[in-house]
Amino acid sequence: MAPVHPNLRAALHHLPVHLPIPVPRQFGRAGKRHMSEKNSLVILVVTPGCDQFPSLESVENYTLTVNDEQCFLLSETVWGALRGLETFSQLVWRSPEGTFYINKTEIEDFPRFPHRGLLLDTSRHYLPLASILDTLDVMAYNKFNVFHWHLVDDSSFPYESFTFPNLTKKGSYNPATHIYTAQDVKKVIEYARLRGIRVLAEFDTPGHTLSWGPGVPGLLTPCYSGSHPSGTFGPVNPALNNTYEFMSTFFLEISSVFPDFYLHLGGDEVDFTCWKSNPDIQAFMKKKGFGEDFKKLESFYIQTLLDIVSAYGKGYVVWQEVFDNKVKVQPDTVIQIWREEMPVRYTKEMELVTSAGFRALLSAPWYLNHITYGPDWKNIYMVEPLAFEGSPEQKALVIGGEACMWGEYVDSTNLVPRLWPRAGAVAERLWSNKMLTNLDFAYKRLAHFRCELLRRGVQAQPLSVGYCDVEFEQT
Amino acid sequence: MKSRRWFCGCHPTSLSSSIWGRLSLQSEHSDTLTVNDEQCFLLSETVWGALRGLETFSQLVWRSPEGTFYINKTEIEDFPRFPHRGLLLDTSRHYLPLASILDTLDVMAYNKFNVFHWHLVDDSSFPYESFTFPNLTKKGSYNPATHIYTAQDVKKVIEYARLRGIRVLAEFDTPGHTLSWGPGVPGLLTPCYSGSHPSGTFGPVNPALNNTYEFMSTFFLEISSVFPDFYLHLGGDEVDFTCWKSNPDIQAFMKKKGFGEDFKKLESFYIQTLLDIVSAYGKGYVVWQEVFDNKVKVQPDTVIQIWREEMPVRYTKEMELVTSAGFRALLSAPWYLNHITYGPDWKNIYMVEPLAFEGSPEQKALVIGGEACMWGEYVDSTNLVPRLWPRAGAVAERLWSNKMLTNLDFAYKRLAHFRCELLRRGVQAQPLSVGYCDVEFEQT
């Protein structure tokens, strides 16, 4: 057997034991259990790709076969092997006497959607590196394969930029302690890669950029109160050449740091009030013939940005406002749908986006930061991403979705119980068959999985009244 | 300099007789803290007051960027507005490891909470290890090997609490909320009927049998001896009459007693008998509001705990009714911390004014305090701490501090600072809003 690939070695670490495993056969002569001891799980990967990065196109299929004769996992790629190993680990069970077992198994598995993501917001609250790495572990247990890293926003700029170090020095909560160094970022990318997880980095502009201001004077639009600057700032200033020079240089860095083909460029919630108040912007609007339509100004900024990023050989994902405001984007743009009711119900938005030929990511019903009392995992689970009016070709444009954990009220103290096991409901919806909707069946499995998460040391909260064999205690 | 600590009443002191030793509802918590060039001392009537003052002192100490510890010139005279400032934990819906309970007592002390309302058992499980009826635990706990509180555990909780000036108010809720008692004591619960046959399910405790009261007598003798506080909480909430109605023996009993169709009278009969049993053991009791609402005849010194927000009336109206009937009241209705929502709900929690109801000063004096409740349907040791803190702190200040202390901006500054201090003390308290602490929480 070839030496174990580092990806696979990492995936094995949480298994209780992988040798030897007695294999009971559930059927056979009545009353008699047939068991054979297994010494190893043979893993066959067709296409080598050990040092590559996972991509949207990665094939995650696998076959798992366990019987008297054999115990093996077959997959196209190493990414499929990771998925199969996780399944294998969940099939191993322990008898009251303490012996490990796995039942006779025949599984052919593949994901329904190729993009199954989780968003973390490290701007509203800084998340220690360990929190991010731990989250990647549990994402892998759930077969999530995209980590959407919303690195910066209004509140703070923790990303350590080497081309513009002042962004971090002046924009982070504390440049000594609340930043992600180049080394940290590399660590996250590699840790994710070993788990078959893509890192989709987001640098949201032109809105959500207040924290960029201190480090790059002149980048943000000064808001005006009458004829004088009010002292406050708004979105990135789209009327200055400097802005685009800055973005060119900055996104050159970002394109080189983050290996995934896609970058997330944001584009959400651009408040026009500040732009409106600024005389230079007003003059620019006139010069460009935009009239009073600030959506045109927003489009102008975003189109220029998208061209910059395209020139670096990157694809991009944007929030739905970019589409809603009719920005001219490349046909291979991915639109992320996050708004539940505005400007239309999200199911309608899915229809509009896909009928315009764009690929879509669903997040609107999966805002996990929106907590309520009770078993909301059910609502999360019962979302059907393709429940909208459209042709099969349209529906094929839905590449998946993302659970979002925005950080206004979330940090390392409550991230884990708030994420798990609720995000697991999203994970199954994105991986499994459309027909898998029975809530009782889902509850049994998710509750069992939650206890397994506890055993693996994950501070996952309860689904409802009950207990696990070993309750969570901090060591 | 403006005080930065999480609550200071700044009242004039009131003299009272010195009470050393026993911690009780009447325990004097007032203290004086003086820090200046000449002296640095804490004066209190009792050791309980000293504990409160020590906590205040610890919150006044700050550290310069160079690392030196400082405390500003200080003159504080402090005492609590309400004597009963409690926190309820539910160890039936989910078992809480002993460590979780002890850790909670620590943080309660940081917040000057002084009553731990231990809702030990309920429908879901019976983790309390009874020595007179061991089968209650053997058959009622989730797992009698791992998910129970032994006599030693219970002693530990009581002593740990005592050392922090916290009373343990134990609750054994009957006649409803008792499904887990059934397996260990056959015949205790009412068998429900489907037509003329038992349906196989069970309802509240059976009030029609003498055995029931013999059991309760023996059981509560044990409880009275195990828990030293003068008060026991006897529950009495959410008694569903459907099962009683369906049972022919109960119907016969109703007829015999002349209760007609009014099952509230049957409920009253049970509870009055129970209260007499417990009184005879020299205990006082707290009950949920239904006992009052359903007109059960209770002793005048009963404490009524108000938990229902809108039914049968808005809770402020309930406060008025309970106190105008001469009973002491505990407020919990707006403080159900298990009811989570998105956003800064600590503000609503903080802005509750317990005495905002129509009543005379004598009536209002009957409000002895309140309790934040953390019911356990969706809560266990994985999410208890971030869900409790710092939100429960808003309740704690409301119950300790001056009525006038209602400025939300001022409260936010102090509570946010206190939250970072909790992190420093190793408490996994969640954020109030966008921001940061010097040292973020990392599990070691």
Problem - Separation in nanometres of the label points that stand 7 Å from Cα toward Cβ, at A:A176 and B:Y213 - result: 7.2 nm
Practice task
Would you check the accessible area of A:E76, probe 1.4 Å, heavy atoms only, in square angstrom rounded to 10?
Solution key: 90 Å²
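Report the A-B buried area as the accessible area lost on both sides summed, probe 1.4 Å, in Å² to the nearest 100. Walk me through the intermediate numbers first.
Values: alone 21550 and 19920 Å², together 37800 Å².
Its buried surface, counting both partners, is about 3700 Å².
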Problem - Dipole-positive endmost among B:Q39, A:W149, A:H448 within the protein assembly as shown (Cβ charges, Cα centre) - result: A:H448
Practice task
For B:K156, go through the aspartates and glutamates and keep the ones whose alpha-carbon is under 13 Å away, minus same-chain ones fewer than eight residues off.
Solution key: B:D103
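Provide the FRET efficiency to the nearest 0.05 for the A:K326-A:D376 pair, computing r from the beta carbons and using R0 = 35 Å. If you can, show how the numbers build up before the last one.
On the way: r = 34 Å, r/R0 = 0.98.
Rounded to the nearest 0.05, the efficiency is 0.55.
Using unit Cβ charges (K, R positive; D, E negative) and no other charged atoms, how large, in debye to the nearest 20, is the dipole of segment B:101-181 about its Cα centre? Intermediate values should be presented prior to the final figure.
Details: 8 positive and 9 negative charges, 53 e Å.
Dipole size: approximately 260 debye.
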Handout entry: For the protein assembly as shown: rounded, prolate or oblate by the Cα gyration tensor [a/c cutoff 1.5]
Key = oblate
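Would you kindly give the portion of the calculated P(r) for segment A:52-185 that falls above 27 Å, as a percent of all Cα pairs? Could you put the intermediate results ahead of the total?
On the way: 3733 of 8911 pairs.
For segment A:52-185, the share of Cα pairs beyond 27 Å comes to 42 percent.
With charges only on Cβ, +1 for K and R and -1 for D and E, what is the dipole size of the protein assembly as shown about its Cα centre, in debye, rounded to 20?
Working: 86 positive and 104 negative charges, 127 e Å.
Taking the Cα centre of the protein assembly as shown as origin, the dipole is about 620 debye.
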Fill in the blank from the handout: per DSSP, antiparallel bridges as share of beta bridges in the protein assembly as shown, % nearest 5, sits at 35 percent
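Given a Förster distance of 30 angstrom, what is the FRET efficiency for B:R424 paired with B:M351, based on the Cβ-Cβ distance and rounded to 0.05? Present the calculation step by step, with values, prior to reporting the outcome.
Numbers: r = 28 Å, r/R0 = 0.92.
Efficiency for this residue pair is about 0.60.
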Exercise for the section: For helix A:422-431, report the angle its Cα long axis makes with the longest principal axis of the Cα atoms of chain A; keep it between 0 and 90° and round to the nearest 10°. Expected result: 80 degrees
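Considering only protein heavy atoms, what per residue accessible area in square angstrom results for segment A:303-430 with a 1.4 angstrom probe? Provide the component values of the computation, followed by the final result.
Values: 4280 Å² over 128 residues.
I get 33 Å² per residue for this part.
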Exercise for the section: Work from the charge dipole of chain A (Cβ charges, +1 for Lys and Arg, -1 for Asp and Glu, about the Cα centre) and give the residue of A:V410, A:G49, A:G289 farthest towards its positive end. Expected result: A:G49
Practice task
List, in order, the whole-Hz ³J(HN,Hα) value for each residue of segment B:166-173 obtained from phi through the Karplus relation with A = 6.51, B = -1.76, C = 1.60 and θ = phi - 60°; use x for Gly and Pro.
Solution key: 10, 7, 9, 9, 7, 10, 10, 6
Completion exercise
Excluding residues fewer than 8 positions from A:K169 in its own chain, the lysines with Cα under 22 Å of it are A:K186, A:K187
Completion exercise
Whole-Hz Karplus couplings 3J(HN,Hα) for segment A:325-336, θ = phi - 60° and coefficients 6.51, -1.76, 1.60, Gly and Pro as x, run 8, 6, 5, 7, 10, 5, x, 8, 5, 9, 9, 9
Practice task
Sticking to Cα atoms, compute the Rg of segment A:204-330 to one decimal and its Dmax as the biggest Cα-Cα distance, whole number, in Å.
Solution key: 14.3, 46
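So with the 1.4 Å probe, I'd like the accessible area per residue for segment B:31-78, rounded to whole Å².
Working: 2730 Å² over 48 residues.
It amounts to 57 Å² per residue over segment B:31-78.
Dipole size in debye (nearest 20) for segment A:323-475 around its Cα centre, Lys and Arg Cβ +1, Asp and Glu Cβ -1?
Working: 17 positive and 19 negative charges, 44 e Å.
Result for segment A:323-475 is approximately 220 debye, rounded to the nearest 20.
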Completion exercise
Using alpha carbon centers only, segment A:197-217 is separated from segment B:233-260 by a whole-angstrom value of 65 Å
Fill in the blank from the handout: Along the dipole axis of segment B:84-425 (charges at Cβ: +1 for Lys and Arg, -1 for Asp and Glu; origin at the Cα centre), the most positive-end residue among B:F220, B:V395, B:Y336 is B:V395
Fill in the blank from the handout: Taking chain B, the equivalent ellipsoid from its C-alpha gyration tensor has semi-axes in Å, biggest first, of 41, 23, 20
Completion exercise
Rounded to whole angstrom, the alpha-carbon centroid of segment A:117-193 lies from that of segment B:305-377 at a distance of 43 Å
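Could you work out how much longer the chain between B:D37 and B:D123 gets when fully extended? Use 0.36 nm per residue separation minus the Cα distance between them, nm to one decimal.
Net length gain for the segment: 25.1 nm.
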Exercise for the section: For each cysteine in chain A, check whether another cysteine's C-beta sits under 4.7 Å from its C-beta; list those where none does. Expected result: A:C50, A:C71, A:C404
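Which of the residue pairs B:K245/B:K297; A:K326/A:K348; B:K264/B:K295; B:K283/B:K364 have a Cα-Cα distance greater than 18 Å in the structure shown? Write down the numbers at each step before the final one.
Details: B:K245/B:K297 22 Å; A:K326/A:K348 16 Å; B:K264/B:K295 8 Å; B:K283/B:K364 24 Å.
Over 18 Å apart, Cα to Cα: B:K245/B:K297; B:K283/B:K364.
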Exercise for the section: Normalising by the residue count of chain A, find the relative contact order in percent from Cα pairs under 8 Å and 6+ residues apart. Expected result: 12 percent
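Using r as the Cβ-Cβ distance of B:D106 and A:E393, and R0 as 45 Å, what FRET efficiency do you calculate, to the nearest 0.05? Intermediate values should be presented prior to the final figure.
Details: r = 61 Å, r/R0 = 1.35.
Efficiency for this residue pair is about 0.15.
Pop out the carbon and sulfur fraction of the accessible area of the protein assembly as shown as a percent, whole number, probe 1.4 Å.
Values: 20990 of 37800 Å².
C and S atoms contribute 56 percent here.
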Handout entry: Table column - 3J(HN,Hα) (Hz), segment A:267-274, Karplus curve with 6.51, -1.76, 1.60, x for Gly and Pro
Key = x, 9, 6, 8, 7, 7, 4, 5
Exercise for the section: With a point put 7 Å past each Cα toward its Cβ, work out how far B:F410 is from A:Y244 in nm, to one decimal. Expected result: 5.4 nm
Problem - Interface residues, segment A:388-418 - accessible area loss of 50 Å² or more versus chain alone, probe 1.4 Å - result: A:Y409, A:T413
Completion exercise
Under 20 Å by backbone N from the virtual spin label 7 Å along Cα-to-Cβ at B:D438, the residues of segment B:391-418 are B:413-418
Practice task
Please give the helix A:279-288 orientation as an angle from the longest Cα principal axis of chain A, in degrees from 0 to 90, rounded to the nearest 10.
Solution key: 90 degrees
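The values are calculated or read from the model by the stated rules, or taken from the named source; none is laboratory data. Remember, it's a predicted structure, so these values are computed and weren't measured experimentally. Note that each Cβ is placed from the backbone with ideal geometry, even for glycine, and that neighbours are counted across all protein chains shown. Remember, those area values only see protein heavy atoms, side chains included, never the ligands or the DNA or RNA. Shrake-Rupley method; radii C 1.70, N 1.55, O 1.52, S 1.80 Å.
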